[in-house]
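Laboratory data are not the source of any read-out in this text; all were calculated from the coordinates shown. Only a predicted model underlies this, so the values are computations on that prediction, with no experimental measurement involved. Virtual Cβ from ideal backbone geometry, glycine too; neighbours counted across all protein chains shown.
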Amino acid sequence: MEGTLRRIVIAPGGSTGWHHHNGHVQGIVAAGTLTRVFADCSRQSSPAGSWVTEDPGGDHVGLNLGTEPVVLLVTYLLPDDEPFSQDAPAHCP
């Protein structure tokens, strides 16, 4: 198991693209508002100061629908030699 801390910035109007993780991911929204869309097309908006978690294998996309950058401070707990994320097909329009 490997642990990694990353700072991720999503520009206004930007997206992470549909993906999933093969381990646990958790972190804080340090700035902006992160909107996540999940495989069942449900949405969750997390403003600055929110704690977010993602379980292994759950397809999702992160969006910045705001006018300022979204800044995430994220910890990845992944099996050895796993990439941070794997591309996934889009589930929702």
Subset of the range 14-35, residues closer than 21 Å to A88 by Cβ and either in contact with an Asp or Glu (Cβ under 8 Å, 6 or more places away or on another chain) or in a loop (DSSP other than H, G, I, E, B) (or both), comes to G14, T16, G17, W18, H19, H20, H21, N22, G23, H24, V25, Q26
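Results for (1) closer than 15 Å to I8 by Cα; (2) out of contact with any helix residue (DSSP H, G or I) (no Cβ under 8 Å at 6 or more places or on another chain); (3) surrounded by 14 or more Cβ atoms within 10 Å (Cβ to Cβ), shown as yes or no for each residue.
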residue	(1), (2), (3)
H20	no, yes, yes
G23	no, yes, yes
A39	no, yes, yes
W51	yes, yes, no
P56	no, yes, yes
D59	no, yes, yes
L65	no, yes, yes
D81	no, yes, no
Restricting attention to the range 52-80, report how many residues are in a loop (DSSP other than H, G, I, E, B), under 18 Å from N22 (Cα atoms) and touching a residue at least 40 places away in the same chain (Cβ under 8 Å). 3
